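Beneath this line is the structure, given in structure tokens, with notes to follow.
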Amino acid sequence: MSRERYLAVLRAAAHWDRVVAIEPTDEAAHRELIRSHLEQGNRQAAIRQFERLREVLRDELGVGPDAISVELYEQVLAAEGHEAP
């Protein structure tokens with residue numbers, strides 16, 4: 001199985017951690033992980049995931065996160081004090 005096909009299977013199965021492990025610059029997978037952490041009430045993990053995304057994009061591609069990722073991060077920051085039980 002080709003790498004791209006394997007990644008497509010992982011994406012279809014929502015195995016975002018595995019996608020990021022294979023393709024660390026996959027911004028959409030990072031966003032799904034951020035959303036998942038936030039939905040679980042783990043704001044700190046969501047923040048760490050965004051920081052990891054920002055770092056890998058800078059180091060690997062010399063760019064920053066796109067506007068969608070930044071908007072999601074702002075939602076994470078706004079969620080302060082609204083942790084799920």
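The values are calculated or read from the model by the stated rules, or taken from the named source; none is laboratory data. What you are looking at is a predicted structure, and each value in this text was computed from that prediction instead of being measured. No Cβ is skipped: glycine too gets one built from the backbone with ideal geometry, and neighbour counts run over all protein chains shown. Side chains are part of the model used for accessible areas, which takes the heavy atoms of the whole protein and leaves out ligands, DNA and RNA. Shrake-Rupley method; radii C 1.70, N 1.55, O 1.52, S 1.80 Å.
Observations, loosely collected:
- Meets criteria (in contact (Cβ under 8 Å) with a residue 24 or more places away in the chain and open to solvent by 60 Å² or more (accessible area, probe 1.4 Å)) for GLU80: yes
- Residues of region 49-85 satisfying the condition of being part of a loop (DSSP other than H, G, I, E, B) and either under 22 Å from ALA14 (Cα atoms) or among the aromatic types (Phe, Trp, Tyr) (or both): PRO65, ASP66
- Number of the exception - ARG52 against (1) under 9 Å from the mean Cα position of the chain (by Cα); (2) over 21 Å from GLN75 (Cα atoms); (3) open to solvent by 100 Å² or more (accessible area, probe 1.4 Å): (2)
- Extreme residue, nearest to GLN75 (Cα to Cα), among residues of region 9-49 that are open to solvent by 50 Å² or more (accessible area, probe 1.4 Å) and acidic (Asp, Glu): GLU39
- Test: VAL19 is of a type in the set (A, V, I, L, M, F, W, C), at pLDDT 95 or above and within 25 Å of GLU71 (Cβ to Cβ): yes
- First in region 15-26 and without any contact (Cβ under 8 Å) to a residue 60 or more places away in the chain, second anywhere and surrounded by fewer than 14 Cβ atoms within 10 Å (Cβ to Cβ) and of a type in the set (Ser, Thr, Tyr), Cβ under 7 Å, 6 or more apart: none
- Residues satisfying the criterion are present in region 32-47 (criterion: within 12 Å of the chain's Cα centre (by Cα) and touching a residue at least 40 places away in the same chain (Cβ under 8 Å)).
- Of SER2, SER69, all but one fail to be open to solvent by less than 30 Å² (accessible area, probe 1.4 Å) and either of a type in the set (S, T, N, Q) or touching a Pro at 6+ places or on another chain (Cβ under 6 Å) (or both); the exception is SER69.
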